[in-house]
């Protein structure tokens, strides 16, 4: 049979990297082995897959026609391998959970406590990063699980379990000049030119546009840093209601109320993992425990 898991991987690597030598580096092989694999595949198929030049190779129309099914086959093989490995895999040595800063106040410590009771030898690492950086940590293997808000775009490499929702509220320091002028009542457009303190990666990185309103942004990598800047009167921010409510009750923060619409923003919360990497026993158990997480509001039943 012409196609196999090996030559499909080589075929896709050449498509993705544009040369035999670059594909060889990505696969950890020598260029001659990659060239030979493609040559044998072309001979068995009776098709020219690449036009060769001294510096690069260009896919032919036949290669482009086969590309989609080859990628589908490669994905199915990865999932099959992951499933087979998960059937035999024991407890991982370390489990890394990456958490979006806004969700650090969410009650995920109880599931971790139960996990520690069940697997006392499991080493657990909890990291925090803005959501766009957190997704990169999942894809490069730095973290096995990510606790984050629902993504605006679907990535076929990711699997997830919905845990509930979190409500974000816009807040500002009572002594901020604009808060005094508006007495806490704003229109959404009033915030566009008012400095926003946002939890996001460096300028130029992909960010969740649902949370970015102002044209004037200061960025932090933690909710505590954001909270400190807002309390100092340097701008306004969206913060989880569970974090902001005690400070609003004490008068340290002022909740921004929109005169024409609800000011609250509800985002669904997911635990996310990469679907072509087998989950260890600890990660799989933590996902199950987190489904019972307390304090996050459940999605209403579908009618």
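Worth a mention:
- For 15, 234, 286, order by how many other beta-carbon atoms lie within 10 Å, fewest first: 234, 15, 286
- The angle between the Cα long axis of helix 281-290 and the longest principal axis of the Cα atoms of the chain comes to about 30 degrees, rounded to the nearest 10.
- Rounded if a/c under 1.5, otherwise prolate or oblate - the stretch 166-265, Cα gyration tensor axes: rounded
- Build a GNM of the chain with springs between Cα atoms under 10 Å apart, and of 214, 165, 121 the one that fluctuates most is 121.
- The value of relative contact order for the stretch 5-88, using C-alpha pairs under 8 Å at least six residues apart, is 26 percent.
- Only helices enter the 222 nm calculation for the chain: every DSSP H run of n ≥ 4 contributes -39,500 (n - 2.57), and dividing by all residues gives -12000 deg cm²/dmol, rounded to 500.
- Exposure proxy ranking for 119, 3, based on other Cβ atoms within 10 angstrom of each Cβ and starting from the fewest, stands as 3, 119.
- Gyration tensor verdict on the stretch 42-164 (Cα atoms; rounded if a/c is under 1.5, prolate if a/b is larger than b/c, oblate otherwise): prolate
- The value of relative contact order for the chain, using C-alpha pairs under 8 Å at least six residues apart, is 23 percent.
- GNM on the chain, alpha-carbon springs under 10 angstrom: the most fluctuating residue among 253, 188, 104 is 188.
- Three-way shape call for the chain based on the alpha-carbon gyration tensor, with the a/c threshold at 1.5: prolate
- Within a Gaussian network of the chain (alpha carbon springs, distance under 10 Å), most fluctuating of 122, 41, 229: 41
- Proxy reagent accessibility, fewest Cβ within 10 Å first, across 166, 117, 69, 42: 117, 69, 42, 166
Readers should treat all values here as calculations from the given coordinates under stated rules, not as data from a laboratory. Keep in mind it's a predicted model, so treat the numbers as computed, not measured. Quick reminder, even Gly has a Cβ in these numbers, built from the backbone with ideal geometry, and neighbours come from all protein chains shown.
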